[in-house]
Every structure is written in C-alpha cells, then in structure tokens.
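Colleague: Please find one structure pasted underneath; my questions will follow.
The values are calculated or read from the model by the stated rules, or taken from the named source; none is laboratory data. The structure presented is a predicted model; accordingly, all values stated were derived computationally and were not measured. Cβ atoms come from the backbone with ideal geometry, glycine included; neighbour counts cover every protein chain shown.
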Amino acid sequence: MLPGASVDALLEALLATSGPGRIILPESLEPHWAPILDGAGRPWTVLVLEGPEALDRLMDAAAGAEPGAQMWLNLDRTPSLDFMDLLTLDAFLAYAVSLPAPPLVVLLNDDAPGLGRTQRLTVDRLGNVVLLRTTPDGAYALGRSERLEAMAGGAQRSPLGPLVSTRGRRHLLVLDVDGVLIEPGRAFTEAVAAALAELAPGLAWDDTCYAAFKRLGNFNNDFRLAAGALALSEAGGLARLEEPGLCLAHLDARIHELEPLCQTVVQKHYARTRWLERPLVKRQDLDAFKGDIAIFTGRPPEELAMAFEVLTFRLPAVADSAPHLRKPRPEGLLQLADCYRAGQITFVGDTRDDAAALAAARALRPDLDWTFAAVGPDRARFHQPGDLEAEGLLALLPQLMARSRP
C-alpha cells in the first residue's frame, strides 16, 4: 500500500514515474485531467462507457492501446457514473491483463464498500492494475509492489501524505476453517495417509509425521504437505523430521513439481474421509459479534464449498485459489482488511502458518490494529505475548466480543 494526500497526488506520482504513453480517460475525468495532461505534454483520449456496448469498447481500447498506455477508470457510484457493474469490470480485467502488452489499468475511487470488492481485482489478478482509493483523511494505492515503489519515487513531484488513518473503521474478525470453525477429525490425516500409501507404497508414514509437517510451518496446505512428504522421502527419508531446526527450502522445486499429482490423489481420498468432519460453532454463536466476519482458509475453493455444507452457513472468504493467497503469505488478510475498511483485525487460527500470516500482515500494514488469536491443542507452540488464546473459538468469543467496537 502507498498512502497519499489525495487521488490527484497519487495520479501525479504515477505520471511522474511512467513513460510518455497515451492516457485513456472516461468522460467523468476529462474536465479535470485534460488540461493537466495537456500541460504535461501527455497524449490522451476520451472513452465513452455508456450503454450495453461498454465492455466491447473497453476491450477494443485495451487491445488497441499503444505500448506504455494507461486506462483510467472511475468506479465512483455517483449520478455522473460513466462506468458499469463489477462483473463487467472483472471481465474486462481478465481480458486486459492477458494481452501480450497490457495497458496499465488505473482504477479510481471505489465500488460500494462491503460488497463484491474491487481490491480482489488487484490482488488476485497480479496483472498490470493499480487501485487508488480515497479515505476520510487522504488516499492510498494498491498494486504490484514494484509499481508502488516507483510511484513513491515520484513523490518529489507529488508529496505523499502520512499513513491512512483508521479512525472510525470497523473491527473485522477473520476465521480459519479447520480447527476453528470445523473439527476435521481424521478427515485430512486419513486422506493424506491414503494418498501417500497409493503414491509411495511402503513409505513409513503415521500421524506423528503429519503433525511434524504442520509444526514445521509452510505446510498448511495438505496437497503441499503430501508433496513435501514425498520429496523428503526421496532426499533422505522421513526420519529427518526429527532433526532440530529442519528446513525444507531446498526441496521447494521438487515439492512444487509433485503438488499437482498430490492434489488429485488427496482430493480423491478426501471425498471419502470428509464425512468425519463436524462443525465447532453455529451461526447464531457468531451473531453477537459487533463487527464483520470473514474466512481466510488454506482450503481450495472446492473444499471450502464442502466446509460450508458441514457448517450449514456461509461467510465471505478468501480461499487458497492462487499461490499468493496461500498461508503463511499475508495477502489474504490484507485483502480482507481492505474489503471491509477494517481498522482492527483479529485473526483466529490454530497453526504456526496462521500466526506467521498475521505477523507478515502487521509488518506490511502497521497502520492497522492486528491481533492474532491462537486456538487448538498446539497453540502453546506458536502463541506469542500479546496474542489472545483459548481452547477453541467458542471459548474465545467472549474475549472477542469484549474487544469489538461498533
């Protein structure tokens, strides 16, 4: 995130650090920006985005854009709206970022807060997209880190302001699924064991191996865990799990290679073992929380759908749908914090990777109030001073409700 005094200041920083390519403007931005672009010697074109052909015009403009071009799109839902709905925007970005030389797409302002979210379009796509948002105290930019670093370098022409204030923002409660909302029982341990028995007959595998991988960290995803077991067995055997300070970074390439096969086989066996799962909470248990509630899970989307069947209710969620959304990476938490304009975020998890994701998010967004809440039988292994902790989510809820603010 790059904070700024205003959207105008951020756009000026963007112009100061980008090439001389053409700026493609929607009609609503022309009166203000055309004179500024003329003064800067930047070529510009107006794009009309009204009517049912808006998506076609967007795609044609992106396909025909010259190298270094930028497309500025105004998402502000006002009577002067010249944009369209989020589905159209999503379809456009899916097309634009797939082009051989995509234009830089700059999204200004916002859709309706708390709904489908535009931030996911910058985080999930990892394309040539920058999102500029206004706040009560300034503005900020989201996008690729290298783009934001370049924009910060242009701050001499457009001084950027202080960190975005969190005044008046809500408390967001983020929940892991397995071990927090659902007791998986032996669903995943048996699925992984059956998959490894199929893929590597004779491999000496038991529950202690499964637990050891979980405690290593960076094996929150069970497909990666199974791939890690196979890679480690190839490189000296699972007995190495007993080595103090064991690090498997040197096996990452092999783990990545094995993971697609492991996903197929683990999911095949999970279809049988998933019936061992049971819910740990009911929806009404969460209703007294005075804030927003969402999920950040290591499950892929298809297994998250199965979790909702177990729970019998749904919550907004970020699933393991792309490598950058896999714990212990923090992007899922950052995405949810932005989605809900949260100033206070509490993440409830039961693994070392959950705790690491929260710590990384705190480091990247120190302007927000982050709290990790450790639950489960292993919580003493990753619980840190200042964290909340309890045996489970139900036991934790009174603490969370006492901390929540309307």
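Per-residue answers, yes or no, for (1) part of a loop (DSSP other than H, G, I, E, B); (2) at pLDDT below 85:
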residue: 11; (1), (2): no, no
residue: 21; (1), (2): yes, no
residue: 33; (1), (2): no, no
residue: 46; (1), (2): no, no
residue: 81; (1), (2): yes, yes
residue: 90; (1), (2): no, yes
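Colleague: Given 100, 136, which one is farther than 14 Å from residue 58 by Cβ and at pLDDT 80 or above?
Modeller: Within the list 100, 136, the selection yields 100.
Colleague: Can you tell me which residues in the range 354-376 are more than 15 Å from the chain's Cα centre (by Cα) and either at pLDDT 90 or above or among the hydroxyl-bearing types (Ser, Thr, Tyr) (or both)?
Modeller: 355, 369, 370, 371, 372, 373, 374, 375, 376
Colleague: Sort through 266, 318, 348 and tell me the only one that's buried (at least 22 other Cβ atoms within 10 Å of the Cβ), in the same structural domain as residue 219 (by TED's automatic domain parsing) and either over 14 Å from the mean Cα position of the chain (by Cα) or among the hydrophobic types (A, V, I, L, M, F, W, C) (or both).
Modeller: Of 266, 318, 348, the one residue that is buried (at least 22 other Cβ atoms within 10 Å of the Cβ), in the same structural domain as residue 219 (by TED's automatic domain parsing) and either over 14 Å from the mean Cα position of the chain (by Cα) or among the hydrophobic types (A, V, I, L, M, F, W, C) (or both) is 266.
Colleague: Give the number of residues within the range 271-293 that are part of a helix (DSSP H, G or I) and in contact with an Asp or Glu (Cβ under 7 Å, 6 or more places away or on another chain).
Modeller: 1
Colleague: Still on this structure, please answer the following. Filter the range 214-232 down to the residues that are under 24 Å from residue 268 (Cα atoms), modelled with pLDDT under 90 and not charged (D, E, K, R) and list them by number.
Modeller: Within the range 214-232, 218, 219, 220, 221 qualify.
Colleague: Answer yes or no as to whether residue 250 is assigned to a helix (DSSP H, G or I) and surrounded by fewer than 16 Cβ atoms within 10 Å (Cβ to Cβ).
Modeller: Judged against the criteria, residue 250 is a match.
Colleague: Mind listing whichever residues of the range 204-246 are over 17 Å from residue 188 (Cβ atoms), of a type outside the set (Gly, Ala, Ser) and surrounded by 15 or more Cβ atoms within 10 Å (Cβ to Cβ)?
Modeller: Correct list: 232, 238, 241.
Colleague: Sort out which residues of the range 186-203 are loosely packed, with under 15 Cβ neighbours inside 10 Å and of a type outside the set (Lys, Arg), and write them in order of number.
Modeller: Hits for the range 186-203 are 197, 198, 201, 202.
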